[in-house]
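Novice: Starting off with a structure, shown below.
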Amino acid sequence: MSDDATTVLVPAARRRRRLRRALRASVFTATALLLGAVGAFAVGYAVWEVPDPRAVATGTQQSIVLQYADGTEMTRIVPGTGNRTMIGSLHEVSPAMRQATLAAEDASFYSNGGFDVLGIVRAAYAQLTDSPGGGSTLTQQYIKLATGEDEHTYTRKFKEIVLSAKMTNEQPKDEIFKAYLNTAYYGRGAWGVHAASNAYFGKLPRDLDASEAAVLAGAVQKPTENDPRVNAAQAAKRWEYVADQMLANHMITGEQRRRMAVPPTRERFAWRGEEMSGPLFHIRERVLEELERDGLTARDMHRDGNTVVTNIDRDAQRAAEEAVAAMTEGRSQNLRSALVSIEPGTGAIRAYHSGDREIGGFDWARAAQPPGAAMQPFVVAAGLMRGHGLAETYDGTSPHEIMGATYRNSGVDCSRTCTARMAMAEASETAFVNMAAKFGPAAVLDAAQRAGMRVDTGDDGRRVGLGIATGDYPVSTVDVARGYATLAAGGADHEPRFVRRVLDRTGNEVRSFEPEPRTAFGDDPEMSRDVSGNVTESLSWSAWGTNWALDGKRPVAVKSGIAQFGGSPDEAVTAWTAGYTPQIATAVSLSASDERGRPQPVVDATSSQAGDVLTGPTWQRFMNAYLADEPVEPFPDFGPVGRYAEPSGVPFPPVTTSVPLPPLADR
């Protein structure tokens, strides 16, 4: 061999030796890295815990659903972090929704080991090039959502892979799929497929068809951009992709794909309550207050995803809103109205109108206001509790000086021998003031409080005066309705309640509420029944002087009138109509205030107009609507108290109603 050949071969040998050393080093490094990765994987597998779907669900803020008494949804209270309502089984989700989810996110879900090697390579490339894309399996996505770790680092991705593999080994695929569907964010503040199906389509997830499912499955990638109400073109493009993937993975047939079309969705956030009325907003607030008093806080219910079944009757609530709207339409904007309807014998609040149509406005139904003539039945009750019957006489003339003050009737004058029946029928304030003077104002206050009414007598502890008889001391519309419901229930008082039952997220009952009755007018239930029965009779006679007879010739007890503004019988600070049948008791109030909240006279509510124009027709319209399908029932029997029969020769107003009352001698 020549020197030239030796010269050529020596560098080549050196290159081969360097290549062999580099190869050995590479193999060693790769082996070390592989062993390190395997070791790290083993350590991570042993140390890191898979997020428990049940624990995630327990710690999740879910919506509180409010239902009407018939089980239909009224509204839902969405937590600040968005709505989450959990499904308990994949059977609660339509096959189309499950297929669309797999087509959009992970078609190999049921066969892969929790992660996809090619997907990892794609994700690594995306990380290096700072480009969009990724390769997460559905299991990896659940891990990311459940842990809240979403930073773009290799460490996070490695942990995600380890936990995905561990979860796949430890839990059935169906449980992992359910966990994902409960955790994914679909936009519109909706977490989980249950909330999302309502947010987009007003449906339960089991009722979603393939076209609707493609919208939801496609939304998860970019929840805002893929919302049809935000970007219709982008949403349609994403929808096409999901639908085509369903076809490519043989989840639907070609014919089914041709029939699919992008479906319309609800307005964004309509499902969260932005479309609710002012009265429904206040019902929601009162429900939360009531439950908190019962030891169920909003925080607890958001955690558990409770459903609250209220006592509100859906049709009755609609009738209340329509009746109040008719009363105030075309009138002064400063009018403040309220209507509350309570079921006697249970305390269930069937309708609640707070007066303000705007969400977040003032709740006039629980605002204490002078009840005026609506207090008069409890003046009579105070006398009955002390043995003073309906036929006892009082001076009902006007003007009339009583205990150093002058009183005037806003209605017609009664005689000097005005019986309690006559006083009730003719709204004789002076007769009622004379009753209160005889029984004592404290006795009238006691009778009202026993019926469940909270009367505002002031913060200074002043002694109650004769103004209790003319309704000068404020009472809320809720409490007036409660007091009248006590009379309708034969003297049994029940605490008014908005809530009937509370259910867990699977529909099982957690709590139920049935108020215990309390004997109102004394300790003897029979005596309480007799007192309330006599008051009911006086209110039945009161119906003679009004036009508030109800359809079907129903027995009815009703009182309509005003509270005088500044002592003037020609101006009203409030106008009221309250009354009942055996099935329902309802109070309607109307007041007025300026922009600073200062009381103003109620326009069109003078002494002669208070019932005829305003609250009376509203009460009558609501009651007729509520009772339209209810049987006609008589008031319960009762025993006369004290002097009962009208004195001979005392004139009585002629019958002006289609509901005739039998002669007193026959009653």
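The values are calculated or read from the model by the stated rules, or taken from the named source; none is laboratory data. Please read these numbers as outputs of a predicted model, since none were measured by experiment. Because the Cβ atoms are built from the backbone with ideal geometry, glycine has one as well, and the counts that use them run over all protein chains shown.
Novice: Which count do you get for residues in the stretch 400-412 that are closer than 13 Å to F432 by Cα, part of a loop (DSSP other than H, G, I, E, B) and either modelled with pLDDT of 90 or more or of a type outside the set (D, E, K, R) (or both)?
Specialist: Qualifying residue count, the stretch 400-412: 3.
Novice: Also, quick follow-up: Quick one: in the stretch 562-572, of everything that is in contact with a strand residue (DSSP E or B) (Cβ under 6 Å, 6 or more places away or on another chain) and buried (at least 22 other Cβ atoms within 10 Å of the Cβ), which residue is modelled with the highest pLDDT? Break it down stepwise before answering.
Specialist: Looking only at the stretch 562-572, we keep the residues that are in contact with a strand residue (DSSP E or B) (Cβ under 6 Å, 6 or more places away or on another chain), and these are 562-563, 565, 571-572.
Cutting the leftovers down to buried (at least 22 other Cβ atoms within 10 Å of the Cβ) gives us 562-563, 572.
Numbers: I562: 81, A563: 78, A572: 75.
Across the stretch 562-572, the extreme among qualifying residues is I562.
Novice: Something else about it: Going through the stretch 234-265 one residue at a time, which ones are part of a loop (DSSP other than H, G, I, E, B) and of a type outside the set (S, T, Y)?
Specialist: N249, H250, M251, I252, M260, A261, V262, P263, P264
Novice: Can I ask one more? Considering only the stretch 298-315, I want to know if a residue exists there that is without any contact (Cβ under 8 Å) to a residue 12 or more places away in the chain and either part of a loop (DSSP other than H, G, I, E, B) or of a type in the set (S, T, Y) (or both).
Specialist: No, the stretch 298-315 contains no residue that is without any contact (Cβ under 8 Å) to a residue 12 or more places away in the chain and either part of a loop (DSSP other than H, G, I, E, B) or of a type in the set (S, T, Y) (or both).
Novice: Limited to the stretch 463-486, what total is found for residues that are of a type in the set (A, V, I, L, M, F, W, C) and over 24 Å from the mean Cα position of the chain (by Cα)?
Specialist: From the stretch 463-486, those of a type in the set (A, V, I, L, M, F, W, C) are 464, 466, 468-469, 475, 478, 480-481, 485; that's our starting set.
Checking which are over 24 Å from the mean Cα position of the chain (by Cα) leaves us with 464, 466, 468-469, 475.
Of the residues in the stretch 463-486, 5 are of a type in the set (A, V, I, L, M, F, W, C) and over 24 Å from the mean Cα position of the chain (by Cα).
Novice: If a residue has to be at pLDDT 90 or above and either in contact with a Pro (Cβ under 8 Å, 6 or more places away or on another chain) or part of a loop (DSSP other than H, G, I, E, B) (or both) to count, how many in the stretch 419-429 make the cut? Walk me through it before giving the result.
Specialist: First, pick out the residues of the stretch 419-429 that are at pLDDT 90 or above: 419-420.
If we keep only those that are either in contact with a Pro (Cβ under 8 Å, 6 or more places away or on another chain) or part of a loop (DSSP other than H, G, I, E, B) (or both) as well, we get 419.
Of the residues in that region, 1 qualify.
Novice: Looking at R416, is it touching an Asp or Glu at 6+ places or on another chain (Cβ under 9 Å), charged (D, E, K, R) and part of a loop (DSSP other than H, G, I, E, B)?
Specialist: So R416 passes the test.
Novice: Would you confirm, using the coordinates I've provided, whether R284 is crowded, with 16+ Cβ neighbours inside 10 Å, among the basic types (K, R) and in contact with a helix residue (DSSP H, G or I) (Cβ under 7 Å, 6 or more places away or on another chain)?
Specialist: Values: crowded, with 16+ Cβ neighbours inside 10 Å: yes; among the basic types (K, R): yes; in contact with a helix residue (DSSP H, G or I) (Cβ under 7 Å, 6 or more places away or on another chain): no.
No: the conditions fail for R284.
Novice: Related question: For the stretch 206-219, does any single residue satisfy the condition of being farther than 21 Å from Q140 by Cα, among the small types (G, A, S) and touching a strand residue (DSSP E or B) at 6+ places or on another chain (Cβ under 9 Å)?
Specialist: No, every residue in the stretch 206-219 fails to be farther than 21 Å from Q140 by Cα, among the small types (G, A, S) and touching a strand residue (DSSP E or B) at 6+ places or on another chain (Cβ under 9 Å).
Novice: Taking the condition free of Cβ contacts under 8 Å to residues at least 40 places away in the same chain and aliphatic (A, V, I, L, M), does A179 pass?
Specialist: no
Novice: When the residues of the stretch 550-561 are filtered to those that are of a type in the set (G, A, S) and buried (at least 18 other Cβ atoms within 10 Å of the Cβ), which remaining residue is nearest to S410 (Cα to Cα)?
Specialist: My answer is G561.
Novice: Let me spell it out: the conditions are (1) assigned by TED's automatic domain parsing to the domain that holds A575; (2) in contact with a strand residue (DSSP E or B) (Cβ under 7 Å, 6 or more places away or on another chain), and L550 meets all of them except one. Which number is the exception?
Specialist: (2)
Novice: Go through (1) part of a loop (DSSP other than H, G, I, E, B); (2) of a type in the set (A, V, I, L, M); (3) out of contact with any Leu (no Cβ under 9 Å at 6 or more places or on another chain) one by one and return the number of the condition M375 breaks.
Specialist: Here M375 clears every test but (1).
Novice: Give the residues of the stretch 427-461 that are within 23 Å of D395 (Cα to Cα) and polar (S, T, N, Q), sorted by residue number.
Specialist: Across the stretch 427-461, the qualifying residues are S428, T430, N434.
Novice: Are there any pairs, at least 6 apart or on different chains, whose C-beta atoms fall under 8 Å, with the first in the stretch 213-225 and farther than 13 Å from S197 by Cβ and in the same structural domain as R257 (by TED's automatic domain parsing) and the second among the basic types (K, R) and surrounded by 21 or more Cβ atoms within 10 Å (Cβ to Cβ), and if so, which?
Specialist: G218/R238; Q221/R238; K222/R238; P223/R188
Novice: Here's something else I'd like to know. With the requirement that a residue be surrounded by fewer than 24 Cβ atoms within 10 Å (Cβ to Cβ) and not in a loop (DSSP other than H, G, I, E, B), what does the stretch 436-455 give you?
Specialist: Across the stretch 436-455, the qualifying residues are A437, K438, F439, P441, A442, A443, L445, D446, Q449, R450.
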